[in-house]
Ligand code: GLC
């Protein structure tokens, strides 16, 4: 199975949020299960600065976006069994930040266009392109658009993962043709139009072969107006292809027994180190050295959907409890100012750092006892999983992935792995914080067992990767794990095979040799009544011959020495002329061409 994962950020290259963690670890987990995986990212300034000397210059080409005709360099790097591709265009990506520019629409329009147009230069022609959020939402749309004219694009299936539906990529209607190079048909039939605007995410939800929300509960919530930011109707309509695969975390990176970022390592079997980490955290943040007072930690962007209003409302009640509070994060000014002000009221008991700081965040995961995440909505949430891994018991609101990962403590049968509350109400939150604090103080044994249950949870990527492979398999019709070509024992017509239900047996070989007209050898005895459709999954007539012929044969790694020299100057400008594989101009642009598929 050949998967191309398209994202706008990924650890360790560039990060602003949880998407980067997912894009940084899921591809390797897929590769570990046997898939061929490549990832494609923009070549941001930050990436060039930090990884420039490891990048391999592959080639360059030109990409047409409406009337624009722009350079696009292709760099690569191999890591953990995954090929990482970086698309270079200095005008769009050589900037200090990843997002937040007035031309973000154009930047990611270019990126998505380039992902599709640069496919012939990649090491494989993907069977699936997995896109993430609005920044790559145009990929499924461009594939359909190009697919009308070029067969090879129709062979590719698409998955869209929604990490946060709040950000949809909304632009004025006039951008459709002028900026994104799409025919007005896309707006006329409503595919890409929402409330009078171009809405890239909506277009992708409709065009992708499968849509994934990052937790089962979020997948359900997205069908409700409260969570869906006006896309609930579309989500309900697409319920048939919607799934909710829970994210994992990188359990090697987040391992209290080996983590070099924390003061003292520890494990579930020997928790002594955690006590030392607590003392260290208190020292680091100026909290009193009180080993028996629980520390409640918050590591979060300080924005409203993280539920911080609840914390603001009852902060003083919380501080009446025998606890300490440490908050790390930055964001909206109103929260920053309030927390800063509050910290001054409780010297030695409350500490605030308005920052994004990896070291301190790890010190909090390791040194705190409780971890508070009262989110109003939380597609998945990774922090609660990291906290649990470090034996820091989560207190969460039951929404999205928080609900799927934290099960409430039940004293009577000594069960659960954290504390939860359902209503978005500060009194409910305060109630469970109080319960948690007193369990810690008054029933240390029960708390230790609860903590051990939290640490024992398996949040590794292996499970989720398996679920994604299942989705890829469903939309491509390829069985997963791949069925080995049964070396049919000589003359016998392998009787077992006749009984295999058609949908399962066929795709293995049907995928390769153009299956259309020939009467599928294994299959003629079909005894029953229905005519056993050869391949159920795809919307299109399937049977694309391997696209290789059309793929301009890639001389690629011919002259690595020269290329390396080019890559040494990572900024690409210098590399352009030297070894550039000058591609025969990518066919006509997309602007204003014939009407799109549907
Ligand atoms: C977004 C969501 C977060 C999720 C992450 C990764 O940042 O807000 O809940 O865990 O994406 O999918």
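Computed from the coordinates by the stated procedures, all read-outs in this text should not be read as laboratory data. Worth saying up front: this structure is predicted, and the values here are computed from it rather than measured. Positions of Cβ are generated from backbone atoms using ideal geometry, with glycine treated the same way; all protein chains shown enter the neighbour counts.
In the set 209, 178, only one residue is out of contact with any strand residue (DSSP E or B) (no Cβ under 7 Å at 6 or more places or on another chain) and within 20 Å of residue 146 (Cβ to Cβ); that residue is 178. When the residues of the stretch 378-389 are filtered to those that are buried (at least 24 other Cβ atoms within 10 Å of the Cβ) and outside any helix (DSSP H, G or I), the one that is farthest from the chain's Cα centre (by Cα) is 378.
Taking the criterion of being more than 16 Å from the ligand (Cβ to nearest atom) and either in a helix (DSSP H, G or I) or closer than 17 Å to residue 314 by Cα (or both), the residues of the stretch 405-419 that qualify are 411, 412, 413. Restricting to the stretch 152-182, and then to whatever is part of a helix (DSSP H, G or I) and out of contact with any helix residue (DSSP H, G or I) (no Cβ under 6 Å at 6 or more places or on another chain), can you tell me which residue is nearest to the ligand (Cβ to nearest atom)? Step by step, filter the stretch 152-182, then rank; the result is 175.
Residues that are touching a residue at least 40 places away in the same chain (Cβ under 8 Å), touching a strand residue (DSSP E or B) at 6+ places or on another chain (Cβ under 8 Å) and more than 30 Å from residue 169 (Cα to Cα) are absent from the stretch 260-270 altogether.
For residue 366, indicate whether it is touching a strand residue (DSSP E or B) at 6+ places or on another chain (Cβ under 6 Å), in a helix (DSSP H, G or I) and surrounded by 24 or more Cβ atoms within 10 Å (Cβ to Cβ). Explain how you work it out, then say what you get.
Values: touching a strand residue (DSSP E or B) at 6+ places or on another chain (Cβ under 6 Å): no; in a helix (DSSP H, G or I): yes; surrounded by 24 or more Cβ atoms within 10 Å (Cβ to Cβ): yes.
Criteria not met by residue 366.
The criterion of being within 16 Å of the ligand (Cβ to nearest atom), crowded, with 23+ Cβ neighbours inside 10 Å and farther than 15 Å from residue 391 by Cα does not hold for residue 242. Somewhere in the stretch 133-150, is a residue within 14 Å of the ligand (Cβ to nearest atom) and closer than 18 Å to residue 239 by Cα? Taking every residue of the stretch 133-150 in turn, at least one turns out to be within 14 Å of the ligand (Cβ to nearest atom) and closer than 18 Å to residue 239 by Cα.
To keep it simple, each residue is scored yes or no on (1) under 25 Å from residue 222 (Cβ atoms); (2) in a loop (DSSP other than H, G, I, E, B); (3) within 16 Å of the ligand (Cβ to nearest atom).
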position	(1), (2), (3)
394	yes, no, yes
403	yes, no, yes
423	yes, yes, no
427	no, no, no
432	no, no, no
439	no, no, no
446	no, no, no
450	no, no, no
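I'm checking my understanding of the structure. Among residues of the stretch 202-234 that are under 22 Å from residue 467 (Cα atoms) and free of Cβ contacts under 8 Å to residues at least 40 places away in the same chain, which one is nearest to the ligand (Cβ to nearest atom)? The extreme case among them is 219.
Pick out the one residue from 264, 296 that is more than 16 Å from the ligand (Cβ to nearest atom), more than 23 Å from the chain's Cα centre (by Cα) and either surrounded by fewer than 23 Cβ atoms within 10 Å (Cβ to Cβ) or closer than 30 Å to residue 470 by Cα (or both). Walk me through it before giving the result.
Numbers: 296 fails: either surrounded by fewer than 23 Cβ atoms within 10 Å (Cβ to Cβ) or closer than 30 Å to residue 470 by Cα (or both).
Testing whether each residue is more than 16 Å from the ligand (Cβ to nearest atom), more than 23 Å from the chain's Cα centre (by Cα) and either surrounded by fewer than 23 Cβ atoms within 10 Å (Cβ to Cβ) or closer than 30 Å to residue 470 by Cα (or both) leaves just 264.
With respect to the conditions (1) assigned to a loop (DSSP other than H, G, I, E, B); (2) touching a strand residue (DSSP E or B) at 6+ places or on another chain (Cβ under 9 Å), residue 459 lacks only one, and its number is (2).
Taking the stretch 225-241, which residues are farther than 18 Å from residue 200 by Cβ and in contact with a helix residue (DSSP H, G or I) (Cβ under 6 Å, 6 or more places away or on another chain)? 225, 227, listed by residue number.
Residues that are touching a residue at least 60 places away in the same chain (Cβ under 8 Å), assigned to a loop (DSSP other than H, G, I, E, B) and within 16 Å of the ligand (Cβ to nearest atom) within the stretch 302-360 comprise just one, 307.
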